[in-house]
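The next block holds one structure in the form of structure tokens; read it before the comments.
Values quoted throughout were computed directly from the atomic coordinates according to the rules given, and no laboratory measurement underlies them. These figures come from a predicted structure and were not determined experimentally. Quick reminder, even Gly has a Cβ in these numbers, built from the backbone with ideal geometry, and neighbours come from all protein chains shown.
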Amino acid sequence: MTTTWPSLTRTSTWTPRTGDFWNAPFGAVRPLAELPDVVEFFTIGRSLLDN
């Protein structure tokens with residue numbers, strides 16, 4: 001049996017984010033000790049993507 005994987009074609013160019021929130025090459029990172037509300041972290045990140 002042979003497994004065929006779908007072709008993964010990039011449809012757009014990735015642009016690194018800028019600003020204080022985006023502090024890592026892959027996006028944003030915070031130590032868990034400084035992140036009492038994980039949902040809020042992702043909500044902020046999502047709102048910044050929409051701008």
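When the residues of the stretch 12-47 are filtered to those that are among the aliphatic types (A, V, I, L, M) and in contact (Cβ under 8 Å) with a residue 12 or more places away in the chain, the one that is surrounded by the fewest Cβ atoms within 10 Å (Cβ to Cβ) is ILE44.
Those residues that are within 21 Å of TRP14 (Cβ to Cβ) and not aromatic (Phe, Trp, Tyr), I need them from the stretch 25-42; list them, please. Residues satisfying the conditions are PRO25, GLY27, ALA28, VAL29.
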